[in-house]
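The values are calculated or read from the model by the stated rules, or taken from the named source; none is laboratory data. Given the structure is predicted, the values throughout are model-derived calculations rather than measurements. Reconstructed Cβ throughout: ideal geometry from the backbone, glycine too, with neighbour counts over all protein chains shown. Areas reflect the complete protein model, heavy atoms only, side chains present, ligands, DNA and RNA absent. Shrake-Rupley method; radii C 1.70, N 1.55, O 1.52, S 1.80 Å.
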Amino acid sequence: MSQIRSYSGTDANFINFAGQGVGLITEKHEDFVQFTPIFNAESLSGLTTVYNEACNIPSDNTYVDIQAKATENLKLKLDQCCKFFQRCKFDIEIAFPNDKKMWDQFGFNDYEEARRNPKFMYMFLTDLHMIAMRNAAPLVTVGWTDESFDLILNHRDSLKLKMNNQSDSIMDRSHATENRVLKLNNLYEKLAIYFKAARILYDGNEEILKWFKFPAGSSKPNEETADEQEIISANN
């Protein structure tokens, strides 16, 4: 289940705002200490620690870049698999001339779907290797060797690795977002206690109170940024 943002606006904007709040609270902390014993050196230290942790959280852009690179690598590998099959297709047509039923066993009629989707291409190459092994003799006559047959599985396994890398990058990004929001919610809650007290402490002093108000962001508390909503995938 996704973490619900307690704060409005983007993560970066909230961290920037929180820095101003922490600075002002630190400056006026003696006022809060005199107001109630729940505010003390320990509470200020806790607030500062949480804020510093928030400042060191990797931004979503970091994970976007990693995910984009994994997707690019997957697309490049899919393209390599397509080119590899075209080379195989030439040999198959020579080894089995004018034999459309045999060509279809080698996947000629399934290629269009496979070339657009890494998951289908993975299964396509698995089937291609099985059929090639069953009909090895004619392929050997046109120059296929043991390495030629192994190359089918090498491309398949390399494609699978790129698929796994992309899936991992998507999951890593999701987990990082959950962790980031969890920590920023914690920061929000600690600030909120101080802000609530400030409304009593500085009642009537709008010049100070304006710094103890959470800003209204451009997005709702549980709304993710456009980057966080986007899932880059080569599987469509």
Compute the helix-to-body angle for 41-55: its Cα long axis versus the longest principal axis of the chain, expressed 0 to 90° and rounded to tens. 30
Using a cut-off of 12 Å between alpha-carbon atoms, which aspartates and glutamates can reach LYS89, once sequence neighbours fewer than 8 places away in the same chain are excluded? ASP104
Do you know the relative contact order of the chain, to the nearest whole percent, from alpha carbon pairs under 8 angstrom that are 6+ apart? 42
Cα-based shape type of the range 87-192, given that a ≥ b ≥ c are square roots of the gyration tensor eigenvalues and the cut on a/c is 1.5: prolate
In degrees from 0 to 90, rounded to the nearest 10, what is the angle of the helix 118-134 Cα long axis to the longest principal axis of the chain? 30
I'd like the orientation of helix 146-201 relative to the chain: the angle between its Cα long axis and the longest Cα principal axis, in ° from 0 to 90, rounded to 10. 10
Say the cut-off is 24 Å between C-alpha atoms; which of LYS83/LYS162; LYS160/LYS183; LYS28/LYS210; LYS101/LYS160; LYS69/LYS119 go over it? LYS160/LYS183; LYS101/LYS160
As a test of reading the structure, rank GLU27, GLU178, GLU53 by solvent-accessible area (1.4 Å probe, protein chains only), most first. GLU27, GLU53, GLU178
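Among rounded, prolate and oblate, which fits the range 1-94 when a ≥ b ≥ c are the square roots of the eigenvalues of its C-alpha gyration tensor, a/c under 1.5 means rounded, and a/b larger than b/c means prolate?
Details: a/c = 5.61, a/b = 5.37, b/c = 1.05.
It comes out prolate by the Cα gyration axes.
Summing +1 for each Lys or Arg and -1 for each Asp or Glu, what net charge is found among the other residues whose Cβ lies under 12 Å from the Cβ of GLN20? Could the numbers behind the result be given before it?
Numbers: positive: LYS210, LYS213; negative: GLU27.
The answer is +1.
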Less than 13 Å Cβ to Cβ from ARG156, Lys/Arg counted +1 and Asp/Glu -1: what total charge do the surrounding residues give? +1
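Determine the relative contact order of the range 107-211: mean sequence separation of Cα pairs under 8 Å and six or more apart, normalised by residue count, in whole percent. It would help to have the intermediate numbers written out before the result.
Details: 35 pairs, mean separation 20.6, N = 105.
Relative contact order here is 20 percent.
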What is the P(r) of the chain, as percent of Cα-Cα pairs per 10 Å bin from 0? 7, 24, 18, 13, 11, 10, 9, 6, 3, 0
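Provide the FRET efficiency to the nearest 0.05 for the LYS119-VAL64 pair, computing r from the beta carbons and using R0 = 41 Å.
Values: r = 23 Å, r/R0 = 0.56.
After rounding, the FRET efficiency stands at 0.95.
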Which percent of the accessible area of the range 3-137 is formed by carbon and sulfur heavy atoms (probe 1.4 angstrom)? 53
